[in-house]
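Asker: I'd like to ask you about the structure that follows.
Here, each number is a calculation from the coordinates, and none is a lab measurement. Just so you know, these numbers come straight off a predicted model, no measurement behind them. Counting neighbours? That spans all protein chains shown, and the Cβs are built from the backbone with ideal geometry, glycine included.
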Amino acid sequence: MALTQRDIKALTPQAGAQYVVWDEAIPGFGVRVSPQGTKTFILKYRLASGRVRWKTLGRFGTLALDAARKQAKTDIGIVASGADPLVVRDHARDAPTLGDVADRFLEDHVETRRKPATERLYRLAIDGHLRPKLGAVAIADIGTEDVLKLHHQLRATPYMANRVLAVASALLNWAARAGYRGKGPHVNPCDGIEKFRETARRRYLTPQELRRLGAALRLAERRAVMSPAAVAAIRLLLLTGARVSEILSLRWRDVNLTTGLLTLPDSKTGAKVILLNAPAIDILKTCPKFAGSKYVFPGEGRGETRKGQHRVNLTDAWGWVRRRARIPDVRLHDLRHSFASIAVSGGQTLPMVGALLGHTQAQTTQRYAHLMDDPLRAASAATGATIAAALARRAR
């Protein structure tokens, strides 16, 4: 018969024997009914060698009739091409998934070739987004539609959406080179996907906010609501304009209080020297040195110093400080922007500010150019006032 949903539901079991009802529309496609009444879609086919094989497609009720027919047609096509659908299925079951390959990618490529901060970003993108959504999909089957759908789902956070897209692209390129996506030329599924527009953040602390920040830090010290090391680290970030990772991973051997220099062997832009002003030197002089730790800010866990590790974040401490200082939208990285803005507004040139921040490209520092208007406006106002006063005087 030409199988329909109603016909299949009407099939009844036969005691002590199973039987098959074949579909007239697709040769070899049918429904097997067990003595217990279980109904299963099957496909019977003959290979070029003459061998007859039976493939179970799925159980009726779990697999829809239309889906079973579609699978049967696909398998018949595989047979026509000279392959065996059962072998193809077994190969697919053993095929590495995105989750499997991601583990190798992180271990063999990212850990050895990327900096710690970049590695953390890769793990965040993979473990937080790629693995939950696509981890079970065979790496060879990942297509543009899969990546595009995930990218679109993250549209509310465009920065993260674009970072996940970049990490997915790097992972799939590596998988292709490592042979996980088959042989021959490959097109990266991420190619051509348009990134979301990212709005650059330029948040600087005002003089009033700086005063409130200072008051919050002094209160934190008096009440001991956080470790002294956390307070010291936040002060250093503002006083030096350094990146958070540069301060938290700072080693004592890279600190020279005599010359007032932090000599970092590695940073986001490579080897770097940070100049220490007097307030920053005073802070470092008061920082204790812990036995067994080479870091200025060792990691903290359960009230004890974790030997051999540096502190990895200031999330809780900074959350308390910014709530107390009433600056809820200010990130720790904005302290670096504030350092630069204060320097530019104080009359420092852009090349000078770029050198202080460790920028390797002039256009990176150019974002602060508009802040030079402040001292220029002050100078213009003073000059204009002098001229206006002179014009207003009566000639003798």
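Asker: From the phi angles alone, apply the Karplus equation (6.51, -1.76, 1.60; θ = phi - 60°) to the stretch 27-34 and give each ³J(HN,Hα) in whole Hz, x where the residue is Gly or Pro.
Answerer: x, x, 9, x, 10, 9, 10, 7
Asker: Scan around residue 58 for amide H atoms under 5 Å from its own, H built in the peptide plane at 1.01 Å from N, and keep only partners 5 or more places away or cross-chain.
Answerer: Amide H to amide H, under 5 Å and 5 or more residues apart or across chains, residue 58 pairs with 41.
Asker: Is the shape of the stretch 98-177 rounded, prolate or oblate, going by the alpha carbon gyration tensor and its root eigenvalues a ≥ b ≥ c, with a/c under 1.5 for rounded and a/b larger than b/c for prolate?
Answerer: Numbers: a/c = 1.89, a/b = 1.16, b/c = 1.63.
Oblate shape, in that a/c is at least 1.5 and b/c is the bigger or equal ratio.
Asker: To continue, here is another question. Amide H of residue 29: which non-local residues (sequence gap of 5 or more, or other chain) have their own amide H closer than 5 Å, using H built in the peptide plane?
Answerer: 23, 44
Asker: Fewest to most neighbouring Cβ within 10 Å: what's the order for 197, 211, 104?
Answerer: Values: 197 7, 211 12, 104 15.
Lowest count first: 197, 211, 104.
Asker: Separate question: For each pair in 44/149; 55/133; 195/272; 9/70; 272/294; 9/73, compute the distance between the two Cα atoms and list the pairs where it is over 28 Å.
Answerer: Working: 44/149 37 Å; 55/133 30 Å; 195/272 32 Å; 9/70 20 Å; 272/294 19 Å; 9/73 22 Å.
Check vs 28 Å cut-off fails for 44/149; 55/133; 195/272.
Asker: With labels modelled as points extended 7 Å from the Cα through the Cβ direction, what inter-label distance (nm, one decimal) is found for residue 67 paired with residue 211?
Answerer: Label-label distance for residue 67 and residue 211, simple model: 6.7 nm.
Asker: For residue 39, go through the aspartates and glutamates and keep the ones whose alpha-carbon is under 16 Å away, minus same-chain ones fewer than eight residues off.
Answerer: Candidates past the 8-residue exclusion: 7, 23, 66.
Asker: Oh, and also: What's the FRET efficiency of residue 1 with residue 159 using the Cβ-Cβ distance as r and R₀ = 56 Å, to the nearest 0.05? Present the calculation step by step, with values, prior to reporting the outcome.
Answerer: Details: r = 58 Å, r/R0 = 1.04.
Approximately 0.45, to the nearest 0.05.
Asker: How far apart, in nanometres, would the label points at residue 44 and residue 137 be if each is projected 7 angstrom from Cα along the Cα-to-Cβ direction?
Answerer: 3.8
Asker: If each of residue 203 and residue 315 carries a label point 7 Å out from its Cα toward its Cβ, how far apart are those two points in nm?
Answerer: Reported label-point gap for residue 203 and residue 315 is 1.7 nm.
Asker: Normalise the Debye intensity by I(0) for the stretch 212-330, one equal point scatterer per Cα, no solvent, then take log10 at q = 0.14, 0.19 Å⁻¹ and round to two decimals.
Answerer: -0.59, -1.09
Asker: Loop-only check: which trypsin sites (Lys or Arg not before Pro) in the stretch 141-189 are DSSP coil with at most 13 other Cβ within 10 angstrom?
Answerer: Numbers: sites: 149, 155, 163, 177, 181, 183; in loops: 155, 181, 183.
Loop-located and lightly packed - 155, 183.
Asker: Tell me, what is the FRET efficiency for residue 283 and residue 326 to the nearest 0.05, using R0 = 22 angstrom and their Cβ-Cβ distance as r? Don't jump to the answer; show the numbers that get you there.
Answerer: Details: r = 24 Å, r/R0 = 1.09.
E between residue 283 and residue 326, to the nearest 0.05, is 0.35.
Asker: Dimensions of the stretch 5-93 along principal axes (Cα, Å, largest first)?
Answerer: Projected onto its principal axes, the Cα set of the stretch 5-93 covers 37, 28, 25 Å.
Asker: While we're here: Which trypsin sites (Lys or Arg not before Pro) in the stretch 19-70 sit in a loop by DSSP (not H, G, I, E or B) and have at most 13 other Cβ atoms within 10 Å of their own Cβ?
Answerer: On the way: sites: 32, 39, 44, 46, 51, 53, 55, 59, 69, 70; in loops: 51.
Sites meeting the loop and neighbour criteria: 51.
Asker: So what J values fall out for the stretch 52-69 if you push phi through Karplus, 6.51 cos²θ - 1.76 cosθ + 1.60 with θ = phi - 60°, rounded to Hz, Gly and Pro as x?
Answerer: 9, 10, 10, 10, 7, 8, x, 8, 4, x, 9, 10, 6, 4, 5, 5, 5, 4
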